[in-house]
Amino acid sequence: MTKNRRNDRRNDGWPELLSVEEAAEFLRLKRSTLDHYRCEGRGPIYRKHGARVFYPKPDLIRWSERNSYASTSERLQKPE
């Protein structure tokens, strides 16, 4: 991931798209874990451009937030 990226949206309004390697680094996962989650349908939303897979950065953040836990026995409830 390049160091000079300052926000999640480019000037044209499209979200920043991260490669599989960049997305794994952003989420602090191994690439193989992210690949496995994608194959099982458990991972973040992704886009395919031909054979290449990209992850919109805002979707990575939302996926991470959905996987929040308060303890080992229950998920963190969203405030209403």
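Here are the numbers for this structure:
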| item | result |
| --- | --- |
| Among (1) assigned to a loop (DSSP other than H, G, I, E, B); (2) under 11 Å from the mean Cα position of the chain (by Cα), the one test that D12 misses | (2) |
| Scan of region 54-74 for residues that are of a type in the set (F, W, Y) and surrounded by 15 or more Cβ atoms within 10 Å (Cβ to Cβ), ordered by number | F54, Y55, W63 |
| Region 27-53, subset buried (at least 17 other Cβ atoms within 10 Å of the Cβ) and hydrophobic (A, V, I, L, M, F, W, C), residue nearest to W14 (Cα to Cα) | V53 |
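Coordinate-derived values only; no laboratory data. Owing to the predicted nature of the structure, the values given are computational and were not obtained by experimental measurement. Because the Cβ atoms are built from the backbone with ideal geometry, glycine has one as well, and the counts that use them run over all protein chains shown.
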